[in-house]
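Here's the structure, in C-alpha cells; my notes come after.
Nothing in this text is a laboratory measurement; each read-out follows from the coordinates by a stated rule. Here the structure is a predicted model, which is why all the values come from computation and not from measurement. With ideal geometry, Cβ positions are generated from the backbone for all residues, glycine too; neighbour counts draw on all protein chains shown.
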Amino acid sequence: MVVAPGRSPVKDAGVKTPRGSFSTVSPVASGSPASTLPVRRVVLERTLTAFLAAPPVLLAVWAGGAWFLFGLAIIVGAGLHEFYGLARRTGAIVVAPVGFFLAGSLLLLSPGAELLLVSLGDIADAGAFRSSVIEVLNSSASKRELVLTVTVVAPLVALLFHREASRDRLTGWAVTVLGAWYVTWLLGRVGALRLLDAPSEAFAGGRGWVFLVLGATWACDTGAYFIGTRFGRTKLMPWISPGKTWEGAGGGVLLTFAIVWMASVDLAAYVPGLTAIGWRPLPIPIIHIVPMAIGIAIAAVIGDLTESMVKRDAGAKDASGFFPGHGGMFDRIDSVLFTAPFVYYYAGALLGTAG
C-alpha cells in the first residue's frame, strides 16, 4: 500500500542490479554528472507515480468500512497474482484459482466481516435486507473456517489430476496455500488496525494507526535509499540483496523514528491545517517511541529482504512493471506485510486489546 519515491538502485547500462531499499551507487560513479542524472530521473519517475497512486489508498483508509475492504481486496489480489507469477518461474505448479479463493476466505475471516459490519451499521436501525446480511456475517465464522480447511486440502487433490510429469507438485501445493496466507493474512493486519477506532478521535483510532504504518514504512524506505545511496559501504545481506547496506538501514531507522515521534505529539497545536481534519496524537508513550521505531524499521527490512529472496529464486528483478519506476504491487507491499502485523500487535499491547 505504500508508494515510496525511491527504493531501487540505479541500473547501469546493460546490467540489472537487485532492487533494494538500502542500495548503493558505485563509488566510482557517485557524484559524477553521468550518475546524478539517472538518479534524478529515477526519483522523479517514482515521485510522479506515487502522487498518482497514493490518493486512492489514502482515501480508502480515511473512508474505512466496505470501501477500505474493497481497496484491500484489490491490493491482495494483485499482490498474490504477482507472487504466483514469480513462483511459476521456479517451476512450481500453482493452483491459482484455489489460492485466490483461499485468499478471499482469509480476508473475509479477518478483518473483512468486521469492516463490512462497520459499514452496515447497527442492526436495530437496519432494514430487512441489511439485517439478514448482518446476521450472516455475525454467524458464519465457523462456516468460513470450514471453507479455509477445504481450500487447504483442495490444491493437493487438484494436483492429483495433473497428468504432466513433474516433481514439483508438493512445492506447488505449498506455494499455493502458503502464498495466500503470506500475502492475505499479513496484509489483513492493516484492516485489523483500521478497526481500532475510537469515537470522535479519527487519528487516535484506526485511521491514525494505518497512516502510521504507511508513513513509517515509507519513511524507512526513503531514508534508507538516500542514506544508502550516498554513504552505503557495508553490505547488509549480500547473498540475498547485494545492494542493501547497514548505513542505509541506519538512515531508515532515523527517519522512522521521526515519523513515530510525530504521530505521538499534538501537531495540530503547531500546524493549524491539521485541526480541520481532526488530527489526534496516537497513544504512544514516550518510552515506547524508540522501540516502536526500531521494530518498524527491522520489520520493513525483513519484509524487503524476504521479497528479494523470492525474486532471486525466481530470477526476476521486479514482480511486474505495474507501477512505472516502482515495480509491481508485490514490490510495493513487501515491507508493509511485516510492518503492519508488528504495529497491530504493538498497538494492541499499548491499548490492552492484544490477545
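Some observations on this one:
- For the range 33-351: rounded, prolate or oblate by the Cα gyration tensor [a/c cutoff 1.5]: oblate
- What separates the Cα centres of the range 305-349 and the range 238-301 is a distance of 18 Å.
- A cut-off of 5 Å between modelled amide H atoms, ignoring neighbours fewer than 5 places along the same chain, links Leu196 with Gly206.
- Student exercise, the range 33-351 dipole from Lys, Arg, Asp, Glu Cβ charges, in Debye to nearest 20: 900
- Other-chain or far-sequence residues with amide H under 5 Å of Gly64's (modelled H): none
- In terms of surrounding Cβ atoms within a 10 Å radius of their Cβ, Met309, Met329 rank from fewest to most as Met309, Met329.
- Chain lengthening between Ser320 and Ala174 when straightened (0.36 nm per residue, less Cα-Cα): 50.3 nm
- FRET efficiency, Thr234 to Glu164 (Cβ-Cβ, R0 56 Å, nearest 0.05): 0.75
- In this structure, the amide hydrogen of Val95, modeled 1.01 Å from its nitrogen in the peptide plane, lies closer than 5 angstrom to those of Thr176, counting only residues at least 5 positions away or on a different chain.
- In terms of other Cβ atoms within 10 Å, Ser308, Ser131, Ser110 run from fewest to most in the order Ser131, Ser110, Ser308.
- Among residues other than Asp334 with Cβ under 9 Å from its Cβ, the summed charge is -2 (Lys and Arg +1, Asp and Glu -1).
- Phi angles across the range 173-187 convert, under the Karplus curve 6.51 cos²θ - 1.76 cosθ + 1.60 with θ = phi - 60°, into 3J(HN,Hα) values of 4, 5, 5, 4, 6, 5, x, 5, 5, 4, 6, 7, 5, 5, 5 Hz, Gly and Pro given as x.
- Using the Karplus relation 6.51 cos²θ - 1.76 cosθ + 1.60 with θ = phi - 60°, the per-residue 3J(HN,Hα) values for the range 85-98 come to x, 5, 4, 5, 5, 8, x, 5, 8, 8, 9, 4, x, 5 Hz, with x marking Gly and Pro.
- In a fully extended conformation the segment linking Phe70 and Val271 would gain 69.1 nm over its present Cα-Cα distance, using 0.36 nm per residue.
- In terms of the mean number of neighbouring beta-carbon atoms within 10 Å, the peptides 189-195, 97-103 order highest first as 189-195, 97-103.
- Here Arg312, Arg144 are placed in order of increasing Cβ neighbour count within 10 Å, fewest first, which gives Arg312, Arg144.
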